[in-house]
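Have a look at the structure below before the remarks.
The values are calculated or read from the model by the stated rules, or taken from the named source; none is laboratory data. Computed from a predicted structure; not experimentally measured. Here Cβ is always computed from backbone atoms with ideal geometry, including for glycine, and neighbour counts include all displayed protein chains. These accessible areas exclude ligands, DNA and RNA; they are computed on the full protein's heavy atoms, side chains included. Shrake-Rupley method; radii C 1.70, N 1.55, O 1.52, S 1.80 Å.
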Amino acid sequence: MSYTDPGLAFWLGWAEHGGALVEEMTGGTAVVVLPDRVQGALGLPEELAVTADPDAAREEGALLLVPGQPVLDRAAEAVLAEGDSGAAWVPWPATTAPTTANLVEAAREQFPVDHGRIDPAGEPAAVYAPLLRVGVLVTYALSLDIRFQEREEILIDARTGLEVPEKARLRLCLATAGARPRDVRPELPTDVIVGLAKAHGLAGNRAVDRLSTLSSHADDDRRRLSDAAEAYYRDALGSVARRRAPAAPERQAMLDAQRDAIDLERVRRLAEIDATFTARHQLQPFRAHVVFVPALQVPIDVRRGSRVYPFTLTWLLGAAAFAGIRCPHCDATDFLVAGRHHLGCRTCLPMASLAAPTAPPLPLAPAPIQGKPAASGAHISAPPSGPVRAAHPSETIRPARPSPRVTASKTGTASPGSASVVGRRLADDFWAAVRFGERWPRKGKGVAAESPLAAALALYGPAGPARAVGLADPRSLVDISARTLTGPQGHMITSGTLWAARDALRFSLRWSFDGAKPVVSEVAPFFGARGARLAMPSELGADIADRVSVDVPPPRRALDPTAAEVWELAIGPLGLSVVLRCLAAWWRVAAEVAVPDLGPTISAAALVRLVGVRAGVPKTLLPVPAVDDTAVADAARRLNRHLRLTRDRAW
């Protein structure tokens, strides 16, 4: 078909794929005969004319297929729901392959080696290298009214998980990929499952970065509504205060109750406005292609004096460049270093250790890790001790680099650049401690007092953060990626993905600076926490929702009666994140609050209501205990006199 309009060409191609007959007419119009199945799905007659030209549609009575047309939208939804997966091969180029000498020179230029030299070790072998091409539709919601979609295309090396640079991707000519050629050359191995998890994490991180930029567009509307609500409730509270001053004592008690009710409604309304303008995104993968591209496997030797370390590079013929590589020792993506005992990189072979002979370094992982996905972005650090035996490179985890020196202001904030660097390395160190069951905080990093993270550690010990994101076995954690956003009130949000065995779990760390020390206050099982709002279990997907609500193991420590009632009341419908905030708030004031006359059930219900409203829990999801609602409201007012929860103080 020669139609230039992309919408019309797409719809006609989709109809033909479904069994329709298409006859191209003049003037950009086509006559289509639809099979019964397509007729029923679209509600169209058997035969119709379609066009993308408004004039042709008006004169000839053809169906106008333009963006927004329901028929076109339903076809797009059907394609997205079905997905597009398979394998394709890029034809072998007719040009002459580079010589071995040229390839070695290109390798020396692209991969400089500290303390070593790259030399040829044999003739290149013609192979097909697998790339994973993933398409994702990202739906952004900046408010209840502002929603739009964008497409993300990700191309990664299906062996290493490294993203193919944009320049190389443009030169690969993937559009020419087709069926398997007859002269089949060897194909390098592919791990599609791990590659898909890595691509999904990259798409999620891009979406988080994009969302942080887009969310500023809705800030003016949110600020306008919040200011109007603040002014309304300020006037209402001022009216109550003016009437209270000359009132009799019994009327003053009534006005005090009215003031508390107005204040609670004010907090609820402000939280509702924040929830309305909370930016969020949703990923819908629709394409997964393994594309085999012509390549040459180039054997090389990395020499340091008399020591020789064999290595293999992959030259992508269409891109005229080598595919990215990982350290053969620690799997990092740093510059290679020819050490005294093995080939490594600047991460696992610090420059200081190269000055004098040392014993061979021990691997850093205390136990083998099976099925480790290729690492990128932030990596999990290892503990200082190592096992007795030497481990395979895929069984080790990249050690953390020393944290940079950060100068924070008196208000506890830092520049966006330094916050991004610290956040990435904080996440690295934080999840390493979880992975190896080590005590947190570590030196130079801390836990915010009376925080949800402190509550998680009190309930489960070092495994508390893993429970908070639905990770059942912290030892299965193998890799992370993370990005940092600047949140309100000097808080930073570091969001990313955890890879554990075959799982890809989302997380968000809420932290701030205490002087120059990063202090973590909360860990949650979703991307990009904004404000005080938490994602409800229903927003997390069925598998993760069950792990952080229904299937949460009981605490390791005994709970006081009110805390135990909070657990029973909220863990199922609201999830562990809300429960941890409730417990953090309760334990902060439990010693000074006298509620024996209320009983633990009423006080727990009041606590869940106070914290839930500030977490963005809809009223319809708040659990309703079998007690008097008036008593719960009264207990909420009494508790909040001690808690002083506000729009910005959520626990």
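Scan the helices (runs of 4 or more DSSP H) fully inside segment 530-621 and keep the ones with 1 or more residues being closer than 23 Å to ALA635 by Cβ and either at pLDDT 85 or above or open to solvent by less than 10 Å² (accessible area, probe 1.4 Å) (or both).
Hits in segment 530-621: 561-574, 576-589, 600-614.
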Discussion item. Just to confirm my filter: which helices (runs of 4 or more DSSP H) fall fully inside segment 1-95 and include at least 1 residues that are closer than 30 Å to ARG182 by Cα?
Written reply: 6-17, 70-82
Worksheet, complete the sentence: Residue pairs within 8 Å by beta carbon, gap of at least six or interchain, first lying in segment 289-308 and free of Cβ contacts under 8 Å to residues at least 24 places away in the same chain and at negative phi, second part of a strand (DSSP E or B) and aliphatic (A, V, I, L, M), listed first then second, are VAL308/VAL302
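Within the bounds of segment 106-117, is there any residue that is more than 20 Å from GLN284 (Cα to Cα) and without any contact (Cβ under 8 Å) to a residue 40 or more places away in the chain?
Yes, some residue in segment 106-117 is more than 20 Å from GLN284 (Cα to Cα) and without any contact (Cβ under 8 Å) to a residue 40 or more places away in the chain.
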Discussion item. Report every pair of residues separated by at least 6 positions or lying on different chains whose Cβ atoms are under 8 Å apart, first residue within segment 428-441 and on the phi > 0 side of the Ramachandran plot and in a loop (DSSP other than H, G, I, E, B), second surrounded by fewer than 22 Cβ atoms within 10 Å (Cβ to Cβ) and of a type in the set (A, V, I, L, M).
Written reply: GLY437/ALA463
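For (1) of a type in the set (A, V, I, L, M, F, W, C); (2) closer than 30 Å to ARG269 by Cα; (3) in contact (Cβ under 8 Å) with a residue 24 or more places away in the chain, each residue gets a yes or a no:
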residue	(1), (2), (3)
ARG147	no, yes, no
ALA168	yes, no, yes
ASP191	no, no, yes
ALA199	yes, no, yes
ARG206	no, no, yes
ASP209	no, yes, yes
SER216	no, yes, no
